[in-house]
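Here the structure comes first, spelled out in structure tokens, and everything after it is commentary.
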């Protein structure tokens, strides 16, 4: 299994015989690959990864680039690729206190890509119908006011 630790920061993950981690960041962290997630396309093949962990990263992207980032992550993901995403809730102290936070999230942000949600129709109208995600686990907010998304790619 190939997994990306996207925006790894100080969380450098060691590969095992079951999982090959590719640690990616644009900062001064130990990485396997340097990458700015707001510059496209990523230097990965289509349908390349089985799992992507994106922990406390997406809130730092420009709001105008959100769909571009999601589209690029979708491109490099295999069918059934698992996305583990953690972001601060957009109305939380953790979000508003940090001046580097740009993109707010709610537990419904990814509903635009998930069938049988109220927002999916809007996602299709906006031109995002080609991006399909499924829910592995219902999004939840932890004690640190962070939202956890556990999604899977549907191709």
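Listed values, structure above:
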quantity: Close pairs (6 angstrom Cβ cut-off, 6 or more residues apart or separate chains): more than 15 Å from residue 51 (Cβ to Cβ) in the stretch 6-22, surrounded by fewer than 16 Cβ atoms within 10 Å (Cβ to Cβ) anywhere; calculated: 9/29; 12/30
quantity: Selection count, the stretch 52-69, where residues are over 12 Å from residue 7 (Cα atoms), surrounded by fewer than 20 Cβ atoms within 10 Å (Cβ to Cβ) and under 12 Å from the mean Cα position of the chain (by Cα); calculated: 3
quantity: Qualifying residue in the stretch 95-115 (condition: over 15 Å from the mean Cα position of the chain (by Cα), surrounded by fewer than 13 Cβ atoms within 10 Å (Cβ to Cβ), closer than 24 Å to residue 19 by Cα and in contact (Cβ under 8 Å) with a residue 40 or more places away in the chain); calculated: no
quantity: Residue 37 vs. criteria in a strand (DSSP E or B), touching a residue at least 12 places away in the same chain (Cβ under 8 Å) and within 15 Å of the chain's Cα centre (by Cα); calculated: no
quantity: Qualifying positions in the stretch 75-95 - more than 14 Å from residue 56 (Cα to Cα) and either modelled with pLDDT of 95 or more or in a loop (DSSP other than H, G, I, E, B) (or both); calculated: 75, 76, 77, 78, 79, 80, 81, 82, 91
quantity: Any chance residue 47 is farther than 11 Å from residue 37 by Cβ, touching a strand residue (DSSP E or B) at 6+ places or on another chain (Cβ under 8 Å), part of a loop (DSSP other than H, G, I, E, B) and touching a residue at least 24 places away in the same chain (Cβ under 8 Å); calculated: yes
quantity: Residue, surrounded by the most Cβ atoms within 10 Å (Cβ to Cβ), within the stretch 121-141, restricted to residues that are touching a strand residue (DSSP E or B) at 6+ places or on another chain (Cβ under 7 Å) and either closer than 19 Å to residue 79 by Cα or touching a residue at least 40 places away in the same chain (Cβ under 8 Å) (or both); calculated: 133
quantity: Which listed residue is in contact with a helix residue (DSSP H, G or I) (Cβ under 7 Å, 6 or more places away or on another chain), over 20 Å from residue 4 (Cβ atoms) and not in a strand (DSSP E or B), from 127, 123; calculated: 123
quantity: Residue match in the stretch 53-74 (condition: over 25 Å from residue 95 (Cβ atoms), assigned to a loop (DSSP other than H, G, I, E, B) and modelled with pLDDT of 95 or more); calculated: no
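The values are calculated or read from the model by the stated rules, or taken from the named source; none is laboratory data. What you see is a predicted model; the values in this text were computed from it and never measured. Backbone-built Cβ (ideal geometry, glycine too); neighbour counts: all protein chains shown.
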